[in-house]
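The values are calculated or read from the model by the stated rules, or taken from the named source; none is laboratory data. Predicted, not measured: the structure shown is a model, and the values here were computed from it. Positions of Cβ are generated from backbone atoms using ideal geometry, with glycine treated the same way; all protein chains shown enter the neighbour counts.
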């Protein structure tokens, strides 16, 4: 079975401590649903932009933001589809949570969703690569700079299965989720199981690990931002792993630093919101239910939602929809617009 080789250095311990302290502040902060939704939406847009931009996508943050709310933009079809795919997977991340454990079928399902409509051959979506490839990036002159060569194609299924055995092992549950996410991220990139979309797939899996382990239950963190801010540092950190010993220590120091930067950034945003005593003095901390989050995220993409759409979405009665929306209106998250057949709900 795969057994990662790394050392928990003082630097890693310091980063993990900083992360724990910042997360505690975030979890205990008093936030009204409107602010919680705003933080989730920002994380969604930033993650989709950064994770695709790392791999050469040309769309700007503003263009990704426009796509996230359902607006059309003028852009290269492949670039637009990559972002739309990533937004869709992140928006429905709970649907990819393992029921019991991570499986090869789940990995293939995630990859298929991430690269849908973007590969030269549709038959390579959700399928392990059938030929040797190289990992690299385009330099300023447009030339490909090879960073490393992944394992032989024939070894891919076995290597992925080995990684999953470690990931699903009961002993791995005792390891800090940041370390588990960092190890899994690197190993997926090293194995490079697909023709394209390996980095995006690896980052989605790391995000799933964080959600599954309760590390980012509020979905506030856009962990890809740090890596995209200095792509050369990202690739340098990946190359820091010796191909023979596979010592992940330097990579994990970099990965933990990235998580720490991201979490502390969110902490500052949360403090700036919840620190306004005039706005929060009479408010208790409010958490949205899973159904409410789905409703609001749908509204954030389309701008509005109707009673009939929610009946179809959740297979519930008009009365049940009315009851759900009444709660959201009382929390001043949504408002009712129009009457009769034209009636719909919009975000406040």
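Miscellaneous remarks
- Residue 192 farther than 20 Å from residue 43 by Cα, crowded, with 22+ Cβ neighbours inside 10 Å and in contact (Cβ under 8 Å) with a residue 12 or more places away in the chain: yes
- Within segment 134-168, considering residues that are farther than 24 Å from residue 242 by Cβ and in contact (Cβ under 8 Å) with a residue 12 or more places away in the chain, the one nearest to the chain's Cα centre (by Cα): 168
Here's the yes/no breakdown for (1) touching a residue at least 12 places away in the same chain (Cβ under 8 Å); (2) in a helix (DSSP H, G or I); (3) not assigned by TED's automatic domain parsing to the domain that holds residue 220:
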residue: 294; (1), (2), (3): yes, yes, yes
residue: 299; (1), (2), (3): yes, yes, yes
residue: 308; (1), (2), (3): no, yes, yes
residue: 316; (1), (2), (3): no, no, yes
residue: 321; (1), (2), (3): yes, yes, yes
residue: 327; (1), (2), (3): yes, yes, yes
residue: 332; (1), (2), (3): yes, no, yes
residue: 341; (1), (2), (3): no, yes, yes
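- Test: residue 333 is buried (at least 17 other Cβ atoms within 10 Å of the Cβ) and over 27 Å from the mean Cα position of the chain (by Cα): no
- Scanning segment 273-292 for residues that are at pLDDT 75 or above and closer than 15 Å to residue 35 by Cα gives a single hit, 292.
- Condition check for residue 105: at pLDDT 95 or above, in the same structural domain as residue 214 (by TED's automatic domain parsing), over 21 Å from residue 222 (Cβ atoms) and in a helix (DSSP H, G or I): yes
- Selection within segment 1-49 - over 23 Å from the mean Cα position of the chain (by Cα), in a helix (DSSP H, G or I) and touching a residue at least 60 places away in the same chain (Cβ under 8 Å): 11
Residues are listed down the side, and each one gets a yes or a no for (1) closer than 20 Å to residue 194 by Cα; (2) surrounded by 14 or more Cβ atoms within 10 Å (Cβ to Cβ); (3) touching a strand residue (DSSP E or B) at 6+ places or on another chain (Cβ under 8 Å):
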{"position": "74", "(1), (2), (3)": "no, no, no"}
{"position": "116", "(1), (2), (3)": "yes, yes, no"}
{"position": "133", "(1), (2), (3)": "yes, yes, no"}
{"position": "146", "(1), (2), (3)": "yes, no, yes"}
{"position": "163", "(1), (2), (3)": "yes, yes, no"}
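- Exactly one residue out of 142, 182 is modelled with pLDDT of 90 or more and either assigned to a helix (DSSP H, G or I) or farther than 21 Å from residue 237 by Cα (or both), and it is 182.
- Scanning segment 105-155 for residues that are under 25 Å from residue 173 (Cα atoms) and touching a helix residue (DSSP H, G or I) at 6+ places or on another chain (Cβ under 6 Å) turns up 110, 111.
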